[in-house]
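Take a look at the structure set out below.
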Amino acid sequence: MEDLQSADVIIEAIVEAEDVKKKLFSEFDKIAKGSAILASNTSSISISRLASVTNRPQQVISRNSMTMLI
């Protein structure tokens with residue numbers, strides 16, 4: 001996880017379980033630099049709910065090949 005401290009974008013691709021993803025996003029938020037974008041490949045969990053566990057909800061995005069981002 002320490003290797004992620006300098007990343008501009010962090011994309012998670014773990015099990016589709018909201019509690020597990022929220023825990024990971026909370027950890028990302030603590031270690032990532034302030035300008036980092038946190039992305040999820042979720043196809044069924046609200047990105048707003050994942051973002052709610054961070055101090056940077058405006059920098060949490062969905063990156064799923066089945067989801068069109070506009």
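The values are calculated or read from the model by the stated rules, or taken from the named source; none is laboratory data. All values derive from a computational prediction rather than experimental measurement. Every residue, glycine as well, gets a Cβ built from its backbone with ideal geometry; the counts of neighbours run over all protein chains shown. Each accessible area value is taken on the protein alone, full model and side chains, heavy atoms only, with ligands, DNA and RNA left out. Shrake-Rupley method; radii C 1.70, N 1.55, O 1.52, S 1.80 Å.
Being of a type in the set (D, E, K, R) and not in a helix (DSSP H, G or I) is the filter; apply it to segment 1-18 and report the residue that is nearest to the chain's Cα centre (by Cα). Within segment 1-18, the match that is nearest to the chain's Cα centre (by Cα) is Glu12. When every residue of segment 26-35 is checked against the conditions, at least one turns out to be in a helix (DSSP H, G or I), within 11 Å of the chain's Cα centre (by Cα) and charged (D, E, K, R). Pairs linking a residue in segment 1-18 that is within 19 Å of Leu50 (Cα to Cα) to a residue that is assigned to a helix (DSSP H, G or I) and aromatic (Phe, Trp, Tyr), with Cβ atoms under 6 Å and 6 or more positions apart or on different chains, are Ile10/Phe28.
If the condition is being at pLDDT 95 or above, exposed (fewer than 13 other Cβ atoms within 10 Å of the Cβ) and not polar (S, T, N, Q), then segment 24-67 contributes Lys30, Lys33, Gly34. Every condition in (1) in a helix (DSSP H, G or I); (2) open to solvent by 50 Å² or more (accessible area, probe 1.4 Å); (3) of a type in the set (D, E, K, R) is met by Lys21 except one, and the failing one is (2).
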